[in-house]
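Engineer: Here you go, one structure.
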Amino acid sequence: MSNRRAPCRCRVLAFLPLVPFVLLMVAGIGYTGMQSLGLLVSTRSSVAYEPGYAAILGSAWFYRSLFYSLYIASVSTGLAVILGTLLALALRRLPDRLFTAALVYKVPLILPHVVIGLIVLLAFGGRGLIARAVDAISFWAALGLTHRVFDLLSPPGSGALIAAYVFKSAPFVTLLVYAVLRRFDTRQTETARMLGAGAFLRFRCLLFPVLWPPAATAGVIVFLFSFGAFDLPFLLGGSRPAMLAIDVFNRYWYRDLSARPAAMASLIVMLAISLAFVIVYFLLVRRQRRGVRHV
Amino acid sequence: MPPTYAVLGVLSNSREELVITIFFCYLSTRMQVSIQGLSKSFGRTPVLSDFSLEVADGEFISVLGPSGVGKTTLLRILAGLDTAAAGVVRFDGFAPAGGNEAVLVFQDYVLFPFLTVYRNVAFGLEARRLSKHLIADRVGRLLSHFGLSEQAGRYPAQLSGGQKQRVALARALAVAPKLLLLDEPLANLDKNLKRDTALYLRSVQREFGITTICVTHDQDEAMAISDRIAVMLGGRIAQVGTPQSVYFRPVSPGVARFMGPVSNLPESQITGGVIARADTADICLLRPEQLRVRKQLSGAFQVQDVRLLGSYQLCVVTLNGVRYEAFTSQPVPLQLGDRVEFERVIPPFEEEYVYEASS
């Protein structure tokens with residue numbers, strides 16, 4: 001009898017470390033949801049406010065912020081995944097003696113986001129290093145290429161924000177993709193070559209199925225981070241439109257209590273979009289992995 | 001035209017199929033391989049040194065040697081995956097053209113894990129951009145020939161070891177290479193499956209009539225599947241010959257010992273001939289099949305230990321205080337301290353070989 005109960009008890013105990021995490025998450029989301037509905041907005045009074053959804057869903061400003069956030073997150077994720085994967089492929093071909101030196105690619109991973117933002121600011125800003133260097137060369141000036149051309153901080157391109165995200169995220173993609181690539185049996189490509197396959201067929205049939213799951217996983221994480229991040233947009237981004245996180249911040253802190261439900265409703269919308277994104281990703285990965293295991 | 005390719009290609013009912021059939025028949029012409037003075041080193045470690053070998057059209061030859069002797073390196077050079085530091089490889093008298101004349105089947109098959117069995121076999125044909133109809137036709141016949149039709153939709157991870165090997169063979173033969181290279185083809189199979197697979201490999205090679213070079217460290221495997229065996233010791237060929245000649249007429253004690261158990265006994269105490277002499281004077285080497293042990297009170301040898309090692313018996317004996325090991329294929333009940341004598345016998349198949357050699 002006791003033998004039967006023991007595994008069940010063990011299973012329950014195994015979940016114990018998760019409890020604080022789950023409680024915090026459920027409480028946080030629940031509280032945000034309540035505030036988005038105009039409830040529990042202030043701890044000092046029991047005044048109920050208007051739900052925030054009507055305010056944000058009827059606002060063109062919100063949609064501009066939302067699409068701007070999606071645009072920044074998509075472009076920076078796409079670039080980070082492409083560059084990170086290419087870097088991983090290049091690392092795989094590197095001779096062993098150069099590999100230690102190549103680990104420098106991990107440096108952006110350990111730098112705080114603020115530092116990355118400042119590096120981009122100093123390098124790509126209107127008065128940054130690149131702009132000054134361009135100004136110093138009269139040849140470029142003769143062609144009409146002034147530092148303004150290289151000012152990535154100017155909207156609408158928001159190049160600085162994208163550059164900062166890519167600089168920070170591409171090494172993360174490399175890390176995940178390279179870990180999988182190291183286990184890839186290069187004799188597969190040798191066999192394909194013996195059978196007469198060209199580079200494209202080898203990539204499509206052999207390398208791509210190996211690359212895409214870690215690249216997609218890294219892409220999802222990078223996308224969700226870029227989509228909801230606050231620090232880099234605060235440092236490098238504009239305010240017309242602003243990234244959604246900045247918009248939420250402004251509504252929450254710089255307006256009166258009646259704006260808080262709208263701020264919280266924005267957060268709930270962000271959460272819903274993130275969840276939808278993750279679900280679609282898992283469905284795609286599960287479909288691709290079905291029936292296939294490594295030999 | 002090799003018989004199986006004829007069968008696979010004869011049902012051509014369109015102009016395109018006819019052209020492709022002729023193309024494959026041309027490709028599948030057997031090939032003579034000449035390897036002269038091949039050398040290769042990894043860093044300062046020489047792997048192949050002055051390796052030479054001639055392989056006839058349609059021949060199945062096994063390169064047999066201990067692990068790390070450079071066998072796989074040899075196959076990689078022949079397959080065009082590696083380059084030799086020195087030496088010449090010629091296919092039908094010409095330098096390899098790099099046109100996929102040789103296909104190497106790796107020891108663990110290296111099937112493409114994300115492709116089904118069908119697509120694995122079709123891979124080389126897809127690479128050649130043949131029409132879907134033709135690929136389906138050809139792959140269908142190959143799968144049927146290798147007994148894999150029911151597994152066509154499965155992935156490599158869902159197959160047994162034997163099935164994986166057949167897929168790897170079908171994939172290689174689908175592109176009709178002139179030279180098939182097999183790297184330890186039976187190493188991943190259990191003992192019972194090895195013999196059947198060896199016979200199967202041999203029959204497939206005969207049906208497709210393809211020149212085949214196989215490398216292995218397993219003597220039984222090499223003898224079971226080969227027309228000839230090239231024993232490779234120390235990065236170069238020590239002896240080339242039929243399985244019988246290499247086994248019963250080794251050119252050196254090294255080859256004799258590598259090819260299987262040999263007894264080291266003083267020649268003066270043995271009646272009959274010897275297969276090879278050891279470096280030490282008066283010591284001869286005999287196969288278990290060539291030696292018979294008999295309990296005899298007046299025997300010169302005294303038994304120190306007896307063990308049954310599968311298909312043969314090991315007797316550790318002493319003579320004048322010197323220790324000898326004797327392997328016999330016919331187990332005899334012996335006790336420690338028994339006096340024994342050894343007699344050389346000629347097995348029937350060796351008589352045949354001696355007759356063939358002398359004629």
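The values are calculated or read from the model by the stated rules, or taken from the named source; none is laboratory data. This structure is a prediction, so every number in the text was calculated from the model and none was measured. Positions of Cβ are generated from backbone atoms using ideal geometry, with glycine treated the same way; all protein chains shown enter the neighbour counts. Accessible surface is based on the protein model in full, side chains and every heavy atom, while ligands, DNA and RNA are left aside. Shrake-Rupley method; radii C 1.70, N 1.55, O 1.52, S 1.80 Å.
Engineer: Between B:I346 and residues 5 or more places away or on another chain, which pairs have amide H atoms under 5 Å apart, with H built 1.01 Å from N, and which residues are they?
Structural biologist: Here nothing satisfies the definition.
Engineer: Separate question: What's the average, rounded to a whole number, of partner chain beta-carbon atoms within 10 Å of each residue's beta-carbon in A:183-192?
Structural biologist: Neighbouring Cβ atoms belonging to other protein chains average 5 per residue here.
Engineer: Further, regarding this structure: Sort A:F225, B:F327, A:F21, B:F112 from largest to smallest accessible area, using a 1.4 Å probe on the heavy atoms of the protein chains.
Structural biologist: Ranked list, largest accessible area first: A:F21, A:F225, B:F327, B:F112.
Engineer: Give the average, rounded to an integer, of partner chain Cβ atoms located within 10 angstrom of each Cβ in A:201-214.
Structural biologist: Mean inter-chain Cβ contacts per residue within 10 Å come to 2.
Engineer: In the stretch B:119-147, what residues drop by 40 Å² or more of accessible area when the other protein chains are put back, versus the chain on its own? Use 1.4 Å, and skip ligands and nucleic acids.
Structural biologist: The answer is B:F123, B:A127.
Engineer: Mind checking B:111-118 for the average number of partner chain beta-carbons within 10 Å of each residue's beta-carbon?
Structural biologist: The mean count of partner-chain Cβ atoms within 10 Å per residue comes to 5.
Engineer: I would also like to ask the following. Please report the buried accessible area for the interface of B with A, total over both chains, probe 1.4 Å, in Å² to the nearest 100.
Structural biologist: That pair of chains buries around 2300 Å² in total.
Engineer: Using a/c under 1.5 as the rounded threshold, could you call the stretch A:60-290 rounded, prolate or oblate? The axes a ≥ b ≥ c are square roots of the C-alpha gyration tensor eigenvalues, and prolate needs a/b larger than b/c, oblate otherwise.
Structural biologist: Cα axes put the stretch A:60-290 in the oblate bin.
Engineer: Something else: Could you run the Karplus curve 6.51 cos²θ - 1.76 cosθ + 1.60 with θ = phi - 60° over the stretch B:42-58 and give me ³J(HN,Hα) per residue in whole Hz, x for Gly and Pro?
Structural biologist: Taking θ as phi minus 60°, the curve returns 10, x, 9, 8, x, 9, 10, 9, 6, 7, 10, 7, 10, 10, 7, 3, x Hz for the stretch B:42-58.
Engineer: Given the whole protein assembly as supplied and a 1.4 Å probe, what does the accessible area of A:Y252 come to in Å², nearest 10?
Structural biologist: A:Y252 has an accessible surface of roughly 50 Å² with all protein chains in place.
Engineer: Summing +1 for each Lys or Arg and -1 for each Asp or Glu, what net charge is found among the other residues whose Cβ lies under 9 Å from the Cβ of B:V293?
Structural biologist: So the surrounding residues net to +1.
Engineer: Take the solvent-accessible surface of the protein heavy atoms, probe 1.4 Å, and return the percent of it on the stretch A:60-290 that carbon and sulfur atoms account for.
Structural biologist: Summing carbon and sulfur atoms, their accessible area is 70 percent of the total for the stretch A:60-290.
Engineer: Please tell me the relative contact order of the stretch B:127-266 in percent, rounded to the nearest whole number, where contacts are Cα pairs under 8 Å and at least six residues apart.
Structural biologist: Worked out over the stretch B:127-266, it gives 14 percent.
Engineer: May I pose another question? What distance in nm separates the two pseudo spin-label positions at B:A136 and B:S34, each 7 Å out from Cα along the beta-carbon direction?
Structural biologist: Going from the B:A136 label point to the B:S34 one covers 4.6 nm.
Engineer: Let me check against my output: what whole-number percent is the relative contact order of the stretch A:60-290, with C-alpha pairs under 8 Å and at least 6 apart?
Structural biologist: Answer for the stretch A:60-290 is 29 percent.
Engineer: Before I look further, what does the stretch A:60-290 give for accessible area per residue, probe 1.4 Å, in whole square angstrom?
Structural biologist: Value returned for the stretch A:60-290: 51 Å² of accessible area per residue.
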